[in-house]
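Below is one structure, written out as structure tokens, with a few remarks after it.
The values are calculated or read from the model by the stated rules, or taken from the named source; none is laboratory data. Worth saying up front: this structure is predicted, and the values here are computed from it rather than measured. Ideal geometry is used to build each Cβ from the backbone, glycine not excepted, and the neighbour counts take in all protein chains shown. Surface areas here come from the heavy atoms of the whole protein model, side chains and all, with no ligands, DNA or RNA. Shrake-Rupley method; radii C 1.70, N 1.55, O 1.52, S 1.80 Å.
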Amino acid sequence: MSAAVGTTQSQAAPAARRQIPGFVVGLVMLLALTLLVAELDQGIANFFKDHDVSKNPFEYPLTAALIGLAANALLKLTGTYTFVRPAVRTEMYLKIGIVLLGAKISFGDLVTKGTGGLIQALIMVTSVFFFTWWLGGKAQLPDTLRAVMSSAVSICGVSAAIAAAGSVQAKKEEITYVTALVIVTALPLMVIMPAIGQAIGLPSDVAGAWFGGNIDTTAAVVGAGTIFGDEAQRVATIVKSSQNVMIGFAAFALALYFVTVVKGGEGERPSPKIIWQRFPKFVLGFVFVSILASLEAFPAGIASEISTAYQWLFTLAFVSIGLDFAPSALKEAGLKPTLVYLAATVFNTVLALIVASILFGVLF
């Protein structure tokens, strides 16, 4: 066993070194695309301002995602996508940005909205997970694919899918299918949901809770909140962070179920350690920075720099969403998994609006 581990590690080291040039080139490309987004965003805002439209309807998350999609197509057309792929770290850029966003949110607001977010998370995760699991069973999907898909729809997209896949030993292609489905639904929802929220006159906190409870990627949640407004962005981030906390518990429960029921006692039994391993540590950083901000630990100049930094990091994440998109994976997934995922997304959207309206429109 030790020899096998040593061989694997020795093979992994050269592979990692081979990725360094691609990472460097890709990072430079991402930074250039981010600067392009900033210039375009300013130009678009000035255009609408000149036409007496004070609020830019094309907020920077949408512009960044579109630039990412265009770059995605160009890189694949030129055969250079795989080379620069190591720099496309959507989750990393986003999580660092969310930690810094904590400086903009008071701890009192975090506690109040976070309590509502946890209640909403318990309702949404439980309801949506079991609905998707049931629907996947009706469609005769494999149990491993049902587990990965149910976790992705009910909790937080790609992160939850990866955590669930590790717990149930899902196939690599199943993760690929679900990841593609997450991105292909999250991007339209990032734009459509703020438009619907504004059309029906949702208050900012209800809209933010709706986005946070429904959209499957944290980046698209932040994007939808940004498009709707600052308050919606804050609430959406808090609610989604509350939902992210459920990842570790869901992974533990899935591992336990698959070991004891699906595989009839085969495999290694999970321990509570898996909860901590899967727990999203960036949430703790987000809370810590919020506490520091509430204690006025950051001078005004530093607070301003932090605000600028997380906006740049979010832009990097939104560009990366477009670069991550892989339509070929949807074809490989087939019709049934796609229909199950879309049906679960519709169920999630409607239920999230009802729950957010009650919790954040009445109770919180």
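Key figures
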| item | result |
| --- | --- |
| Unique match (being under 17 Å from V283 (Cβ atoms) and at pLDDT 90 or above) among G197, G212 | G212 |
| Residues located in the range 188-209, provided they are touching a Ser or Thr at 6+ places or on another chain (Cβ under 9 Å), part of a helix (DSSP H, G or I) and open to solvent by 10 Å² or more (accessible area, probe 1.4 Å) | L189 |
| Count - residues of the range 106-117 that are at pLDDT below 75 and surrounded by 22 or more Cβ atoms within 10 Å (Cβ to Cβ) | 3 |
| Options V88, V28; residue that is touching a helix residue (DSSP H, G or I) at 6+ places or on another chain (Cβ under 9 Å) and without any contact (Cβ under 8 Å) to a residue 40 or more places away in the chain | V28 |
| Residue under evaluation I275, criteria (1) loosely packed, with under 15 Cβ neighbours inside 10 Å; (2) modelled with pLDDT under 85; (3) part of a helix (DSSP H, G or I), criterion not met | (1) |
| The range 252-272 residues that are modelled with pLDDT of 80 or more, paired with ones that are assigned to a helix (DSSP H, G or I) (beta carbon under 7 Å, 6 or more apart) | L254/A147; L254/A164; L254/S167; L254/V168 |
| Candidate set from the range 162-197 (those that are under 19 Å from V222 (Cβ atoms) and free of Cβ contacts under 8 Å to residues at least 24 places away in the same chain); member that is nearest to the chain's Cα centre (by Cα) | P188 |
| Subset tally (residues that are over 30 Å from M149 (Cβ atoms) and among the polar types (S, T, N, Q)) for the range 80-125 | 3 |
| Unmet criterion (only one of (1) out of contact with any helix residue (DSSP H, G or I) (no Cβ under 6 Å at 6 or more places or on another chain); (2) modelled with pLDDT of 80 or more) for V182 | (1) |
| Residue count for the range 156-178, restricted to those that are open to solvent by 20 Å² or more (accessible area, probe 1.4 Å), closer than 19 Å to G213 by Cβ and touching a helix residue (DSSP H, G or I) at 6+ places or on another chain (Cβ under 6 Å) | 1 |
| Matching residues in the range 198-234 - criterion: being without any contact (Cβ under 8 Å) to a residue 40 or more places away in the chain, in contact with a Phe, Trp or Tyr (Cβ under 6 Å, 6 or more places away or on another chain) and not aliphatic (A, V, I, L, M) | G225 |
| Selected residue [among the hydrophobic types (A, V, I, L, M, F, W, C), over 20 Å from Q233 (Cα atoms) and at pLDDT below 85] from A73, A15, A87 | A15 |
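To keep it simple, each residue is scored yes or no on (1) surrounded by fewer than 19 Cβ atoms within 10 Å (Cβ to Cβ); (2) in contact with a helix residue (DSSP H, G or I) (Cβ under 7 Å, 6 or more places away or on another chain).
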| residue | (1), (2) |
| --- | --- |
| E305 | yes, no |
| Q311 | yes, no |
| T315 | no, yes |
| G322 | no, yes |
| A326 | yes, yes |
| Y341 | no, yes |
| T345 | no, yes |
| A356 | no, yes |
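Yes/no matrix, rows are residues, columns are (1) more than 10 Å from M190 (Cβ to Cβ); (2) open to solvent by 10 Å² or more (accessible area, probe 1.4 Å); (3) assigned to a helix (DSSP H, G or I):
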site	(1), (2), (3)
G213	yes, no, yes
D216	yes, no, no
A219	no, no, yes
V222	no, no, yes
G225	no, no, yes
A232	yes, no, yes
A236	yes, no, yes
K240	yes, no, yes
I247	yes, yes, yes
